[in-house]
Amino acid sequence: MQIEIVKDYEALSKKAANIIASQIVLKPQGVIGLATGSTPVGTYKELIRMNKEGLISFSNITSFNLDEYYGLGADDDQSYHYFMNENLFNAIDIKKENIHIPNGKASDVGAECTRYENRIKEAGGIDLQLLGIGQNGHIGFNEPNENFEPLTHLVNLDSDTIKANARFFDSIEEVPTQAISMGVKTILSSRKILLLASGENKAEAMYKMIKGKVTPKLPASALQLHHDVVVIMDEAAASLL
Ligand code: F6R
(Lines give C-alpha, C1' and ligand atoms only; values in the text may rest on other atoms or scores of the structure.)
Protein backbone atom coordinates (compact mmCIF):
# COMPACT_ATOMS: atom_id res chain seq x y z
CA MET A 1 0.00 0.00 0.00
CA GLN A 2 1.45 3.34 -1.04
CA ILE A 3 0.29 6.00 1.43
CA GLU A 4 0.36 9.69 0.60
CA ILE A 5 -0.58 12.25 3.23
CA VAL A 6 -1.34 15.71 1.87
CA LYS A 7 -2.24 18.97 3.58
CA ASP A 8 -5.88 19.35 2.72
CA TYR A 9 -8.80 18.45 0.46
CA GLU A 10 -7.58 20.64 -2.41
CA ALA A 11 -4.16 18.97 -2.48
CA LEU A 12 -5.85 15.55 -2.27
CA SER A 13 -8.12 16.35 -5.21
CA LYS A 14 -5.21 17.56 -7.37
CA LYS A 15 -3.06 14.52 -6.61
CA ALA A 16 -5.91 12.09 -7.24
CA ALA A 17 -6.82 13.77 -10.53
CA ASN A 18 -3.17 13.62 -11.64
CA ILE A 19 -3.05 9.87 -10.99
CA ILE A 20 -6.30 9.27 -12.91
CA ALA A 21 -5.13 11.55 -15.72
CA SER A 22 -1.82 9.64 -15.98
CA GLN A 23 -3.76 6.39 -16.25
CA ILE A 24 -5.89 7.87 -19.05
CA VAL A 25 -2.81 9.12 -20.90
CA LEU A 26 -1.11 5.72 -20.55
CA LYS A 27 -4.20 3.80 -21.64
CA PRO A 28 -6.69 6.04 -23.50
CA GLN A 29 -8.94 3.00 -24.18
CA GLY A 30 -8.83 1.93 -20.55
CA VAL A 31 -11.49 1.10 -18.00
CA ILE A 32 -11.90 3.35 -14.96
CA GLY A 33 -13.99 2.55 -11.88
CA LEU A 34 -15.67 5.58 -10.33
CA ALA A 35 -17.18 6.51 -6.96
CA THR A 36 -19.80 8.97 -5.77
CA GLY A 37 -20.09 10.89 -2.48
CA SER A 38 -18.44 14.13 -1.39
CA THR A 39 -14.84 12.96 -1.51
CA PRO A 40 -14.29 12.63 -5.30
CA VAL A 41 -16.11 15.87 -6.25
CA GLY A 42 -12.90 17.97 -6.17
CA THR A 43 -11.07 15.28 -8.18
CA TYR A 44 -13.84 15.31 -10.78
CA LYS A 45 -13.60 19.14 -11.01
CA GLU A 46 -9.87 18.81 -11.76
CA LEU A 47 -10.48 16.09 -14.36
CA ILE A 48 -13.12 18.29 -16.04
CA ARG A 49 -10.59 21.14 -16.19
CA MET A 50 -7.92 18.89 -17.71
CA ASN A 51 -10.44 17.58 -20.24
CA LYS A 52 -11.52 21.12 -21.21
CA GLU A 53 -7.88 22.17 -21.59
CA GLY A 54 -7.28 19.21 -23.93
CA LEU A 55 -4.81 17.49 -21.60
CA ILE A 56 -6.86 14.28 -21.36
CA SER A 57 -9.72 12.74 -23.32
CA PHE A 58 -12.37 10.35 -22.08
CA SER A 59 -13.60 9.63 -25.61
CA ASN A 60 -12.33 6.04 -25.54
CA ILE A 61 -12.60 5.46 -21.79
CA THR A 62 -15.13 3.02 -20.36
CA SER A 63 -16.40 3.64 -16.83
CA PHE A 64 -18.05 1.49 -14.17
CA ASN A 65 -19.49 3.02 -11.02
CA LEU A 66 -19.25 1.21 -7.73
CA ASP A 67 -22.87 1.41 -6.73
CA GLU A 68 -26.38 2.77 -7.07
CA TYR A 69 -29.27 3.18 -4.66
CA TYR A 70 -31.85 0.45 -5.15
CA GLY A 71 -35.21 1.90 -6.19
CA LEU A 72 -33.86 5.09 -7.78
CA GLY A 73 -33.77 5.52 -11.56
CA ALA A 74 -31.15 7.46 -13.55
CA ASP A 75 -33.47 10.51 -13.77
CA ASP A 76 -34.04 10.70 -10.02
CA ASP A 77 -31.98 13.64 -8.76
CA GLN A 78 -30.91 11.61 -5.69
CA SER A 79 -29.59 8.71 -7.74
CA TYR A 80 -25.88 8.13 -8.17
CA HIS A 81 -26.47 8.11 -11.91
CA TYR A 82 -27.77 11.67 -11.71
CA PHE A 83 -24.88 12.63 -9.41
CA MET A 84 -22.33 11.35 -11.93
CA ASN A 85 -23.99 13.21 -14.79
CA GLU A 86 -23.99 16.45 -12.78
CA ASN A 87 -20.50 16.15 -11.30
CA LEU A 88 -18.57 14.60 -14.19
CA PHE A 89 -20.16 13.01 -17.23
CA ASN A 90 -22.10 16.02 -18.57
CA ALA A 91 -18.92 18.09 -18.57
CA ILE A 92 -16.49 15.65 -20.25
CA ASP A 93 -16.23 13.92 -23.63
CA ILE A 94 -17.06 10.39 -22.42
CA LYS A 95 -19.44 8.45 -24.69
CA LYS A 96 -22.80 7.67 -23.05
CA GLU A 97 -22.64 4.05 -24.22
CA ASN A 98 -19.33 3.60 -22.36
CA ILE A 99 -20.81 4.62 -18.99
CA HIS A 100 -21.95 1.82 -16.66
CA ILE A 101 -23.83 2.21 -13.40
CA PRO A 102 -25.97 -0.52 -11.80
CA ASN A 103 -29.64 -0.08 -12.70
CA GLY A 104 -31.36 0.87 -9.44
CA LYS A 105 -34.74 0.21 -11.07
CA ALA A 106 -33.99 -3.35 -12.21
CA SER A 107 -36.98 -5.61 -11.55
CA ASP A 108 -34.74 -8.68 -11.32
CA VAL A 109 -31.90 -7.56 -9.04
CA GLY A 110 -30.04 -10.87 -9.24
CA ALA A 111 -29.97 -10.70 -13.05
CA GLU A 112 -28.82 -7.05 -12.90
CA CYS A 113 -25.92 -7.99 -10.59
CA THR A 114 -24.84 -10.81 -12.92
CA ARG A 115 -25.17 -8.52 -15.97
CA TYR A 116 -22.97 -5.91 -14.26
CA GLU A 117 -20.25 -8.44 -13.40
CA ASN A 118 -20.33 -9.76 -16.98
CA ARG A 119 -20.06 -6.26 -18.47
CA ILE A 120 -16.94 -5.60 -16.38
CA LYS A 121 -15.41 -8.87 -17.64
CA GLU A 122 -16.34 -8.14 -21.27
CA ALA A 123 -14.70 -4.71 -20.97
CA GLY A 124 -11.47 -6.46 -19.95
CA GLY A 125 -11.63 -5.69 -16.23
CA ILE A 126 -11.06 -2.40 -14.42
CA ASP A 127 -7.65 -0.75 -14.82
CA LEU A 128 -8.03 1.81 -12.04
CA GLN A 129 -10.75 1.84 -9.40
CA LEU A 130 -11.37 5.04 -7.45
CA LEU A 131 -12.72 4.56 -3.91
CA GLY A 132 -13.91 6.66 -1.00
CA ILE A 133 -14.35 5.13 2.45
CA GLY A 134 -17.30 5.21 4.84
CA GLN A 135 -16.87 6.21 8.48
CA ASN A 136 -17.66 2.56 9.23
CA GLY A 137 -14.92 1.39 6.84
CA HIS A 138 -17.20 0.48 3.94
CA ILE A 139 -15.93 0.52 0.36
CA GLY A 140 -18.55 0.76 -2.33
CA PHE A 141 -21.54 -0.21 -0.22
CA ASN A 142 -19.86 -3.26 1.28
CA GLU A 143 -20.95 -2.69 4.85
CA PRO A 144 -19.30 -4.23 7.94
CA ASN A 145 -20.42 -7.85 8.02
CA GLU A 146 -19.58 -11.38 9.16
CA ASN A 147 -18.05 -12.22 5.78
CA PHE A 148 -16.94 -10.50 2.60
CA GLU A 149 -19.59 -10.42 -0.13
CA PRO A 150 -17.50 -11.14 -3.24
CA LEU A 151 -19.54 -10.03 -6.25
CA THR A 152 -22.03 -7.30 -7.21
CA HIS A 153 -25.03 -7.72 -4.90
CA LEU A 154 -28.00 -6.08 -3.23
CA VAL A 155 -27.03 -4.56 0.14
CA ASN A 156 -29.07 -3.45 3.13
CA LEU A 157 -27.44 -0.17 4.10
CA ASP A 158 -26.18 0.25 7.66
CA SER A 159 -28.02 2.74 9.85
CA ASP A 160 -24.67 4.64 10.11
CA THR A 161 -24.50 4.90 6.32
CA ILE A 162 -28.12 6.04 6.09
CA LYS A 163 -27.40 8.72 8.72
CA ALA A 164 -24.19 9.82 6.95
CA ASN A 165 -25.94 10.08 3.57
CA ALA A 166 -29.01 11.88 4.94
CA ARG A 167 -27.14 15.16 4.34
CA PHE A 168 -27.91 14.78 0.63
CA PHE A 169 -31.68 14.31 1.23
CA ASP A 170 -34.46 16.52 2.67
CA SER A 171 -35.06 14.04 5.48
CA ILE A 172 -33.56 10.77 6.71
CA GLU A 173 -36.78 8.93 5.75
CA GLU A 174 -36.02 9.65 2.09
CA VAL A 175 -32.62 7.91 2.13
CA PRO A 176 -32.92 4.55 0.33
CA THR A 177 -32.26 1.60 2.62
CA GLN A 178 -30.79 -0.66 -0.07
CA ALA A 179 -28.21 -0.36 -2.84
CA ILE A 180 -26.62 -2.44 -5.58
CA SER A 181 -22.87 -2.52 -5.02
CA MET A 182 -19.81 -4.13 -6.53
CA GLY A 183 -18.51 -6.80 -4.17
CA VAL A 184 -15.14 -6.92 -2.44
CA LYS A 185 -13.76 -9.40 -4.99
CA THR A 186 -15.00 -7.18 -7.85
CA ILE A 187 -13.10 -4.26 -6.31
CA LEU A 188 -9.97 -6.32 -5.57
CA SER A 189 -9.96 -7.57 -9.19
CA SER A 190 -9.14 -4.04 -10.38
CA ARG A 191 -5.55 -3.79 -11.56
CA LYS A 192 -4.93 -0.63 -9.54
CA ILE A 193 -6.89 0.97 -6.69
CA LEU A 194 -6.89 4.60 -5.59
CA LEU A 195 -8.58 5.31 -2.24
CA LEU A 196 -9.24 8.86 -1.05
CA ALA A 197 -10.07 9.99 2.48
CA SER A 198 -10.61 13.50 3.75
CA GLY A 199 -11.58 14.84 7.15
CA GLU A 200 -11.29 13.85 10.78
CA ASN A 201 -14.48 11.77 10.64
CA LYS A 202 -12.54 9.26 8.48
CA ALA A 203 -9.50 9.06 10.80
CA GLU A 204 -10.62 5.98 12.77
CA ALA A 205 -11.56 4.03 9.63
CA MET A 206 -8.23 4.94 8.03
CA TYR A 207 -6.30 3.85 11.10
CA LYS A 208 -8.08 0.47 11.16
CA MET A 209 -7.80 0.00 7.40
CA ILE A 210 -4.03 0.48 7.46
CA LYS A 211 -2.99 -0.80 10.91
CA GLY A 212 -5.74 -3.25 11.75
CA LYS A 213 -6.19 -6.88 10.74
CA VAL A 214 -8.04 -7.89 7.59
CA THR A 215 -11.66 -8.39 8.61
CA PRO A 216 -15.09 -8.09 6.97
CA LYS A 217 -16.04 -6.00 10.01
CA LEU A 218 -13.93 -3.25 8.41
CA PRO A 219 -14.40 -3.98 4.69
CA ALA A 220 -11.67 -1.53 3.53
CA SER A 221 -9.09 -3.69 5.37
CA ALA A 222 -9.40 -6.14 2.43
CA LEU A 223 -7.32 -3.64 0.43
CA GLN A 224 -4.29 -4.87 2.42
CA LEU A 225 -4.51 -7.97 0.20
CA HIS A 226 -4.15 -6.04 -3.06
CA HIS A 227 -0.75 -5.53 -4.67
CA ASP A 228 -1.28 -2.02 -6.08
CA VAL A 229 -3.21 0.34 -3.83
CA VAL A 230 -2.51 4.06 -3.55
CA VAL A 231 -4.10 5.83 -0.59
CA ILE A 232 -4.30 9.61 -0.55
CA MET A 233 -5.55 11.26 2.61
CA ASP A 234 -5.41 14.71 4.08
CA GLU A 235 -3.80 15.46 7.44
CA ALA A 236 -7.17 15.31 9.22
CA ALA A 237 -7.93 11.79 7.93
CA ALA A 238 -4.37 10.74 8.88
CA SER A 239 -4.57 12.24 12.37
CA LEU A 240 -4.66 8.87 14.20
CA LEU A 241 -1.78 7.33 12.22
C1 F6R B 1 -19.77 5.91 -3.20
C2 F6R B 1 -19.40 4.83 -2.31
C3 F6R B 1 -19.14 5.05 -0.86
C4 F6R B 1 -18.47 6.39 -0.51
C5 F6R B 1 -18.33 6.54 0.98
C6 F6R B 1 -17.73 7.87 1.37
O7 F6R B 1 -19.94 5.45 -4.52
O8 F6R B 1 -19.33 3.74 -2.76
O9 F6R B 1 -18.32 4.00 -0.39
O10 F6R B 1 -17.23 6.45 -1.14
O11 F6R B 1 -19.58 6.41 1.60
O12 F6R B 1 -18.61 8.89 1.03
P13 F6R B 1 -18.19 10.43 1.16
O14 F6R B 1 -17.15 10.66 0.10
O15 F6R B 1 -19.46 11.19 0.86
O16 F6R B 1 -17.67 10.62 2.53
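The values are calculated or read from the model by the stated rules, or taken from the named source; none is laboratory data. Since this is a predicted model, take the numbers as computed values, not measurements. Heads up, the Cβs are rebuilt from the backbone with ideal geometry, glycines too, and the neighbour counts pull from every protein chain shown. All accessible areas refer to the heavy atoms of the entire protein, side chains included, with ligands and DNA or RNA removed. Shrake-Rupley method; radii C 1.70, N 1.55, O 1.52, S 1.80 Å.
Qualifying GluC sites (Glu not before Pro) in region 118-173, where qualification requires a DSSP coil assignment and no more than 12 other C-beta atoms within 10 Å, comprise E146. Residues considered: I19, I101, I172. Largest GNM mean-square fluctuation over the chain, using C-alpha springs under 10 Å, is found at I172.
About the centre of its Cα atoms, the chain shows a dipole size close to 860 debye [charges on the beta carbon of Lys, Arg (+1) and Asp, Glu (-1) only; nearest 20 debye].
Here K163 is the anchor, and the aspartates and glutamates within straight C-alpha reach of less than 14 Å, apart from those fewer than 8 places off in the same chain, are E143, E173, E174. 3J(HN,Hα) couplings calculated from phi for region 129-138 with the Karplus curve 6.51 cos²θ - 1.76 cosθ + 1.60 (θ = phi - 60°) are, in sequence order, 10, 8, 10, x, 9, x, 4, 8, x, 6 Hz; Gly and Pro show x. Sites listed here are GluC sites (Glu not before Pro) in region 1-88 whose DSSP assignment is loop and whose Cβ has at most 11 other Cβ atoms within 10 Å: E53. Projected onto planes of every orientation and averaged, the convex hull of the alpha-carbon atoms in the chain covers 11.8 nm². Any chance you could check the Cα centroid distance between region 208-230 and region 105-155 for me, in angstrom? A separation of 17 Å, based on Cα centres. For trypsin sites (Lys or Arg not before Pro), no site in region 108-150 is both called loop by DSSP and has at most 10 other Cβ atoms within 10 Å. Largest GNM mean-square fluctuation among S198, S181, S38, using the chain with Cα springs under 10 Å: S38.
Here the dipole of region 145-224 is about 600 debye; that uses its Cα centre as origin and unit charges on the Cβ of Lys and Arg (positive) and Asp and Glu (negative).
Taking K and R as +1 and D and E as -1, what net charge do the other residues with C-beta under 12 Å from the C-beta of N136 add up to? It would help to have the intermediate numbers written out before the result.
Values: positive: K163, K202, K208, K217; negative: E143, D158, D160, E204.
Within the 12 Å Cβ shell, the charges total 0.
Accessible area per residue for the chain is 45 Å², calculated with a 1.4 Å probe on protein heavy atoms, without ligands, DNA or RNA. Comparing I232, Y44, P28 along the charge dipole axis of the chain, the residue lying farthest to the positive side is P28, per the Cβ-charge model. Seen from L188, the other residues with C-beta closer than 15 Å to its C-beta sum to a net charge of 0, counting Lys and Arg as +1 and Asp and Glu as -1.
Taking the accessible area of the chain, probe 1.4 Å, and keeping the other protein chains in place, the carbon and sulfur fraction comes to 49%. Contact order, relative form, for the chain: 26 percent (alpha carbon pairs under 8 Å, 6 or more residues apart, mean separation divided by residue count).
As a check on your grasp of the helix formula, calculate [θ] at 222 nm for the chain: sum -39500 (n - 2.57) over DSSP H runs of n ≥ 4, divide by the residue count, round to the nearest 500.
Values: 7 runs with 73 residues, N = 241.
Only helices count here, giving -9000 deg cm²/dmol.
Count charges around Q2 for me, please; just the other residues with Cβ under 13 Å from its Cβ, Lys/Arg as +1, Asp/Glu as -1. Display every interim value, and only then the final one.
On the way: positive: K15, K192; negative: E4, D228.
Net local charge, Q2 excluded: 0.
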